[in-house]
Structure formats: structure tokens, C-alpha cells
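Here the structure is laid out as C-alpha cells; the discussion comes afterwards.
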């Protein structure tokens, strides 16, 4: 590489976006609620931009203010001090007009009924603001306040409670030693242990547990059904339950498969995350930007919702001020800049409406079967197809559908919902991945739970429906749909019923060992119990 100092001429062709184009793309990408916020911000920052205040639902009322240029024989001069003439007063008003022009804009004063209506709306908004929900810490501290706890113990409990996170289920993940001073004595550590036990005794049961076992054990009650069995399962066999190794549990504990299954059903009633209900549940408010309705001719028609977008116009005062020639050069430059910005915003909003209408209509025209018959009839669609049909760049389509929703006769959907990939059927037809997921769920729901289908067998079942899919694709979709592996889907009660082995709940260890070995051995090696190996992407244990 040669390094040198010097000057040289170089001609380059660089493509840059004009500020007006950048603003237009930003406005296009905004959903309806953010667009409203952007307009409110522009109204505050740009005095040349005005909002049309008149409500068409209210009757027009006469303007109570006289026109500035109107002449009246009864008009009297402004008098501030009767002992002096009024020349200074009028000069003061002229200066005010220059210094604070917004107070002298020629806009219509709002009627009394409009002012009252706006006041009622503001009151309704304040009244409908949701209260801050009670936090997990507040709930636990309120319970502690009702107990007779000495100050030292109370301080330790507060320190423990402050570490509990509702998003983590209310588990105590910290170390008691970390909460104590570095020079804490064994007696102080023992006091901290007592404080943790006290917090764990509060409601909800299982709070401040250090792991899942401790959480579930804290929720057990001696009066519960299968109390002893539940205690054994939680203490020693949680991993076996997770992997559906019921024969292994049967072999170790001597419980029958039916007893284990019934105890497992009771176990599912316990709450593994007792503090999660205090977490902040953010439910976004969805406001459809577009609606679609079927016309009399049977075709679907798209409409962009303009009712929530305020009508904007350029201030008459600033237009006249610019045309009058009385403004200084600095004022003229400022007014021109603000008027141009206001005009760009108004045009960008109109461009957004036009582009969104074209894109949404093209999507609806392609997904007519979805609207007519339901989600299982959705067709593969790419953004490039819509871009070619509308005549815009694919990035424009992406911005137009980003975070926007459409209201249809079948409900409200995100516009991105209609863009799906797909594959080819045996007959050469395009099939959306959504349809494959629906068919996969139907096959799993109808399978024999005593001998569930492996991923290879699911591929064969899909092929019978003319859907050609690779095994790794089936595995990927099964995991995304939270469908367990074939081993985890097996219902061992049906396996026992089919084999005629109904062992009593507490039979001899020899019988348990022989029955358990016969059933557990295939499962332990990833077999389906009939001599064929399963390949469903799940690790074997």
C-alpha cells in the first residue's frame, strides 16, 4: 500500500435520499397510533401547521368574535387610562402582534359545547387510567406487616423479598451469604435461614423457593390425593416425568402405571411459578389501519381508516404574513421553512394512505380463499410478488405492512400474517407452510397414543396427503408447535391396557422389576416398543 499526501479531483456518483423522501418513508412505516403521536409532535413544533378543530357532528355556531377588518358605527376605541390618549395602547398591541403572533391568529374560537365536550373527554381519560397493580413485594410485605416480627428479622425478610422477580416465578435465586455483611457470624446466617423460611411460609405457596422441587413440595398438603406418591415423584422423579419414563418410575417405586398417571395429573395442578401472576402483563392495543369488506359484486374492498387521522392545513396567518411583505428577511426564511415542512407532512400522510391502500388491496386479492374459507386455505405469498403487482420497491411493501393490522370478516390480523412461505405438492401446486402445520397437528391428534408416530412416520403420513416435507422440517415445526417427541407423547396407561398388564399399586418388587424391565428397555434405547427405532430429534436417556 502506497501512502502519500496530495490533492486530487475525483468524480463520484452517489445516490442520496432527499429529506422529503426520508420523511415520506418514515411516515409510511408508522402504524396508526404512532402516526397520531407524530402529528401531535409536529403540531407543537411547527406553528405553521394547524389542526382543523371543528367537529362535524356538532351544529355550527355563530362566531362570537368580530372580524379584524370589520367596521362598526358603534365601535369604541380601546381605553386603558382615560386621562391619556390611546396612541400608546395601540402601539403596544401592534408590538404584541409581532412578539406573540399565535395569540392573534385568525382562527375560529371554539364553541362552548365543544369546550365542554373536550373537558368531558379529558375527564373520561383520567378516570379510565388503570391503577398500578399490586406488586409481589407489596403483597408479601403486607402479609409480614400483619405478623409480629422483630425488627431484625423483618429487615432480613425485606432483603430477601426485594430479590424476588415475578418474571422468574418468584424464586429466590440469590445466596443468603451475599445478602449478609462480609463479616457475618454463623448466628446471623442462621437468622437469615429463619427469615427465608418465614418468607416461604407466606402466600402464594411455593414463593421464594430455591428450585422447582422446593417450590412444588411447599405446595403439597397431607390431605391431597396421592400425597405420598406426589412427594416421591417430586423428590426423585421429576426428570423421569419430563421425559415420560413412567415404566422406569414404576420399576423403582412399585407404583402402577395408572397410579403414576393419576398422581401426575394431580401434579399438573400445582403452580411451578407462583410469583408469575404478579408480573406486569403488557397487552398491546391493536388499532387496525385497514379494514376490508365484501362488496355487492362479491369482491373484497379495502378501506384505510382516516377517521382517527386528524385533518391538517397550513396556517392562514402565516400564509398572509408571508405574502404581505411586512416580515423581515429572517422571519420570511423561518416562515418558508415551516410552511414547507407542514406541506411535506401533509403530502407524506396522503402518500401513506395511497400506498397502504394499494398494498393492502393487492394482499387481499391474493388471499381471497383465506377470507372466504379460513386460515387453512392461505396461499404462499412473498413481498416481492406484491411489490411487482403494485409497482413499488419491495422495501416499500415491507414498510407499508410493518406493525399494521387489517380488520377482516374473520377477525383482526397483522398484514404480515398473509406473507407465508410454502412448498410444492406432488401435483405441483403451491402449499403454504401454515397448511402443513395444520395437517401435522391433525395427524398428531388422531394418532394412537399407545404407539405414537415418529418424525419419519409423520413424514410418511404427510406424503399420503400429497405433502412432501423433509424429516428435519417436520422436527423443526413439531418443536415450534410445542409438540413433544414420540416418546413423550406415549400414553403408558394405554400401553399397559393393550398388553393386559394391570399390576396392583403395591405389588411385589419382583413383579415390578420384570414388568418394568420389559417395558422400560425399549424406551431407554429410543425404540417404539415394536422393534423399530424412532428418529424424532429427541435425545434418549
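The values are calculated or read from the model by the stated rules, or taken from the named source; none is laboratory data. Note that the structure is a prediction, hence the values are computed from the model and not measured. Quick reminder, even Gly has a Cβ in these numbers, built from the backbone with ideal geometry, and neighbours come from all protein chains shown.
A few comments on the model shown:
- Contact map, region 299-322: first residue without any contact (Cβ under 8 Å) to a residue 12 or more places away in the chain and in the same structural domain as residue 353 (by TED's automatic domain parsing), second residue buried (at least 16 other Cβ atoms within 10 Å of the Cβ) and assigned to a loop (DSSP other than H, G, I, E, B), Cβ cut-off under 8 Å, separation 6 or more or different chains; the map is empty.
- Residue tally, condition over 20 Å from residue 44 (Cα atoms) and loosely packed, with under 15 Cβ neighbours inside 10 Å, over region 312-331: 8
- Selection count where residues are at pLDDT 85 or above, over 17 Å from residue 292 (Cα atoms) and surrounded by fewer than 18 Cβ atoms within 10 Å (Cβ to Cβ), scope region 391-435: 8
- Scanning region 208-227 for residues that are part of a loop (DSSP other than H, G, I, E, B) and under 21 Å from residue 249 (Cα atoms) yields 220, 224, 225, 226.
- Check on residue 293, out of contact with any strand residue (DSSP E or B) (no Cβ under 9 Å at 6 or more places or on another chain) and either surrounded by fewer than 18 Cβ atoms within 10 Å (Cβ to Cβ) or under 19 Å from residue 228 (Cα atoms) (or both): no
- One residue stands out among those in region 374-386 that are at pLDDT 85 or above and not in a loop (DSSP other than H, G, I, E, B): the one that is surrounded by the most Cβ atoms within 10 Å (Cβ to Cβ), which is 386.
- Residue 177 being in contact with a helix residue (DSSP H, G or I) (Cβ under 9 Å, 6 or more places away or on another chain), modelled with pLDDT under 90 and under 28 Å from residue 452 (Cβ atoms): no
- Scanning region 455-478 for residues that are crowded, with 17+ Cβ neighbours inside 10 Å, touching a strand residue (DSSP E or B) at 6+ places or on another chain (Cβ under 8 Å) and not in a strand (DSSP E or B) returns a single hit, 469.
- Per the listing 247, 274, the residue uniquely in the same structural domain as residue 164 (by TED's automatic domain parsing), crowded, with 16+ Cβ neighbours inside 10 Å and at pLDDT 85 or above is 274.
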